[in-house]
């Protein structure tokens, strides 16, 4: 077997998820900037136009607020749009339609108006693209009832969770990461594996301390855990995978075992995912904690451009190691 | 037929299509139902039975009645927050609409939506939206779905003159024209964007021209004349359906009440309002036409009044006796179980 057949990139996994769901359900279509003829700004939709045609793979003008709203309207009518934002930074133009229209209308209609739509695209910082193109929206969307929020790390989760998101009858925010698109992971076996939304995954089990994280930062946490293993600290790494609904039980079970918690996210800390998890553990597992919860978060600044400053902004492996040592009193 | 040209609105006179006495009587009845419904809504608001925002449609009845008269059952409708008239014109049950206004479980949204947020899948009414302009991309998406499914339907998207200054309107116009979507955009120009007159909020002479850059045709219509609206709608709907392309109707209308219940409308003169009420009222004009053109006797109107009075009594009774939602309703309808 060659290397190519034994691995799959996150980019390919996402494309396969969409293609499989589009083959299965004619109501599923994808729209967004450059998704069709350009094959995706990050080539995630490669080959979809050829297979499914221009009716179902639709290049939009640069008009996020408009096409997000159009997608929500189509979803009210029973279609199942996948709306790609070239990045979620641009999706901020559309946030009114996502929250006020997609997330709230089921409630406002007494349960009549379901909105089966997926908003997907890269989230968070890529490499030195500056403040307006480097923001994590996990806590923004996770704040709102009526939305599901997913942020996968590896190829298997990217595919299985995107398939689940497309099949879900609710609006789903699917946060990808540009830095992960090209990363290769072991090839997937089950063609049709759908991973349930709302389930975290223990990606490395350990007994001394728990770290919760998601998306690109899972890799950072795993690196920190490997280094700490050589120093005699056994770290349990939880990939949240879904931010909302949060898998509280997996987090609580782990904290009750390790008695120590570090949260890690790329985004700003204020009212962030780590704050939410910290509060959860305070409310439901306070007596199990042997140390205060420690958050590792992005620096509280707009993303700088200079490489020297970027390193001081995005959580680094060393930050995680320091935080874990702090909660372990080492 | 009687054609009255408003000095303020200065509408284009259209050739009216033939209308039967029965049709015009129905339009009269439908407009009167909306008028009486809104009058009762205002009363119930004053009594404290309706709360929050409540935007009455009084004066604008001919717009929605004239448009809805020519739509087909498969067509979809969406509007903003001045929506009670649209729901009644979509044949939604006045009891359910009024009970939503009073926040009861028997309301269309089980008391969770209120005046601005009601929907009926059965009647293809897609709300009821409270963010000015947001319904326009949404409705364009409904039109997209008609085309995607090839079901022959069109979406009628209502907006006020204030909404036309939102950027997303033009994002929607662009896509509707580019992709040839069956979308009929209705601008209900009542002259005021809340309290800001059109002269102070809109550049350019005519709102119906706002689609020119996208190649979307537009027409101006006298919205105080239900027959003029119906005639224009007939042609517009035919155009949208047959060409699978968007069109704009700017319908010049007038609201007699304030923007919402809390608005004393100090930004316009009493004379202006009185002139519209006395000289251009769409219900009185329909009645005058029925009498002068069709020879309908005065006494023929009383059964209509009586029928509507009974509908309203029933609606108000239901809206006060239907229970408030139980606490168990609070956390339902947030997500669909998957």
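Write down the Kirkwood hydrodynamic radius of the range A:261-303, to one decimal in angstroms, obtained as one divided by the mean of 1/r over all alpha carbon pairs.
10.8 Å
Compute log10 of I(q)/I(0) for the range A:103-252 with the Debye formula, placing one identical point scatterer on every Cα and leaving out solvent, at q = 0.11, 0.16, 0.17, 0.20 Å⁻¹, to two decimals.
Per q value, in the given order, log10 I(q)/I(0) is -0.47, -0.93, -1.03, -1.29.
Relative contact order of chain B: what whole-number percent is it, with Cα pairs under 8 angstrom and at least 6 residues apart?
Values: 637 pairs, mean separation 81.1, N = 338.
Relative CO of chain B lands at 24 percent.
Tilt of helix A:10-24 relative to the longest C-alpha principal axis of chain A, in degrees (0 to 90, nearest 10)?
40 degrees
Over the range B:204-338, calculate the relative contact order: mean separation of alpha carbon pairs under 8 Å at least 6 apart, over the residue count, as a percent.
This gives 19 percent for the range B:204-338.
Which log10 I(q)/I(0) values, to two decimals, does the range A:162-215 give at q = 0.14, 0.15, 0.17 Å⁻¹ under the Debye formula with one point per Cα?
Normalising to I(0) and taking log10 leaves -0.57, -0.66, -0.84.
Quick one: P(r) of the range B:187-337 from all Cα-Cα pairs, 10 Å bins, percents rounded to integers, in order of increasing distance.
Bins of 10 Å from zero give 9, 22, 26, 26, 15, 2 percent of pairs.
By the gyration tensor of its Cα atoms, with a ≥ b ≥ c the square roots of the eigenvalues, what is the shape of chain B: rounded for a/c under 1.5, prolate for a/b over b/c, or oblate?
Judged from the Cα gyration tensor, chain B comes out rounded (a/c under 1.5).
What order, most packed first, do the peptides B:315-328, A:141-154, A:177-190 have when packing is the mean number of other Cβ atoms within 10 Å of each residue?
Working: B:315-328: 14.9, A:141-154: 23.4, A:177-190: 16.6.
Listed from highest to lowest mean packing, they are A:141-154, A:177-190, B:315-328.
For the range B:140-230, I need the span (max minus min coordinate) of the C-alpha atoms along each principal axis, in Å, sorted largest to smallest.
Projected onto the principal axes, the Cα atoms of the range B:140-230 cover 41, 31, 22 Å.
Hey, what D do you get for the range B:11-121 in µm²/s if you plug the Kirkwood alpha-carbon radius into Stokes-Einstein at 4 °C and 1.567 mPa s?
The estimated diffusion coefficient comes to 88 µm²/s.
Could you let me know the centre-to-centre spacing of the range A:244-314 and the range A:77-103, using Cα atoms, in angstrom?
What the calculation gives is 27 Å, centre to centre.
Restricting to chain B, what percent of DSSP beta bridges are antiparallel, rounded to 5?
Within chain B, antiparallel bridges account for around 10 percent of the total.
Explain nothing, just the number: relative contact order of chain A, from Cα pairs under 8 Å at least 6 residues apart, as a whole percent.
16 percent
Per-residue mean of other chain beta-carbon atoms within 10 angstrom of the beta-carbon, peptide A:110-122?
Details: counts 16, 9, 12, 10, 4, 1, 2, 1, 0, 0, 0, 0, 0.
Counting Cβ atoms of other protein chains within 10 Å of each residue's Cβ and averaging gives 4.
Could you work out how far helix A:64-76 tilts from the main Cα principal axis of chain A, as a 0 to 90 degree angle to the nearest 10?
For A:64-76 against chain A, the angle is about 80 degrees.
Let me know the mean shielding of A:168-178 by other chains, meaning the per-residue number of their Cβ atoms within 10 Å of its Cβ.
Going residue by residue through A:168-178 and averaging, the value is 1.
On the first, second and third principal axes, largest extent first, how far apart are the outermost C-alpha atoms of chain A in Å?
59, 53, 41
Normalized C-alpha radius of gyration of the range A:243-326, against 2.2 N^0.38 Å? Provide the component values of the computation, followed by the final result.
On the way: Rg = 14.0 Å, N = 84, 2.2 N^0.38 = 11.8 Å.
The range A:243-326 yields a ratio of 1.18.
Within 10 Å of each Cβ in peptide A:86-97, how many partner chain Cβ atoms are there on average? Round it to a whole number, please.
Per residue, the number of nearby Cβ atoms from other chains is 1 on average.
Starting from the 7 Å offset along Cα-to-Cβ, what nm value, one decimal, do you get for the label separation of residue B:22 and residue B:209?
Result: 4.4 nm between the two label points.
Counting only DSSP beta bridges with both residues in the protein assembly as shown, what percent are antiparallel, rounded to the nearest 5?
Here the share of antiparallel DSSP bridges comes out near 20 percent.
Highest mean first, how do A:221-233, B:260-272, B:120-132 rank when packing is the count of other Cβ atoms within 10 Å averaged over residues?
Result, highest mean first: B:120-132, A:221-233, B:260-272.
Can you compute the equivalent ellipsoid semi-axes for the range A:17-68, i.e. the square root of 5 times each eigenvalue of the Cα gyration tensor, sorted largest first and rounded to whole Å?
Working: eigenvalues 62, 32, 16 Å².
In descending order, the three semi-axes are 18, 13, 9 Å.
Using only alpha carbon positions, build the gyration tensor of the protein assembly as shown, then give the equivalent ellipsoid semi-axes as the square roots of 5 times its eigenvalues, largest first, whole angstrom.
In descending order, the three semi-axes are 54, 27, 21 Å.
Relative to the longest principal axis of the C-alpha atoms of chain A, give the angle of the C-alpha long axis of helix A:273-285, reported between 0 and 90° and rounded to the nearest 10°.
With both axes taken from Cα atoms, the answer is about 60 degrees.
Is the shape of the range B:232-321 rounded, prolate or oblate, going by the alpha carbon gyration tensor and its root eigenvalues a ≥ b ≥ c, with a/c under 1.5 for rounded and a/b larger than b/c for prolate?
rounded
For the range B:15-61, which semi-axes, largest first and in whole Å, follow from the square roots of 5 times the eigenvalues of its Cα gyration tensor?
For the range B:15-61, the ellipsoid semi-axes come out as 31, 11, 5 Å.
For the range B:216-282, take the alpha-carbon Rg, divide it by the Kirkwood Rh, and send me Rg/Rh.
Radius of gyration over Kirkwood radius for the range B:216-282 works out to 1.12.
How far is the Cα center of the range A:202-220 from the Cα center of the range B:226-270, in Å?
58 Å
Restricting to Cα atoms and excluding each atom paired with itself, what does the Kirkwood estimate give for the range B:88-239 in Å?
That comes to 16.7 Å for the range B:88-239.
Given points 7 Å out from each Cα along the Cα-Cβ axis, report the residue A:51 to residue B:198 separation in nanometres with one decimal.
5.1 nm
Where does each of A:39-48, A:7-16 land if you order them by average Cβ count within 10 Å, highest first?
Working: A:39-48: 20.2, A:7-16: 21.9.
Most protected by this proxy first, the peptides run A:7-16, A:39-48.
Looking at the square roots a ≥ b ≥ c of the eigenvalues of the Cα gyration tensor of the range A:21-175, which shape do they give, rounded for a/c under 1.5, prolate if a/b is larger than b/c, or oblate? Write down the numbers at each step before the final one.
Details: a/c = 1.42, a/b = 1.08, b/c = 1.32.
Note, shape of the range A:21-175 comes out rounded.
Throughout, read-outs are computed from the coordinates displayed, never taken from laboratory work. On a predicted model such as this, the values are computed, not experimentally measured, just so you know. FYI the Cβ positions are ideal-geometry reconstructions off the backbone, even for glycines, and counts take in every protein chain you see.
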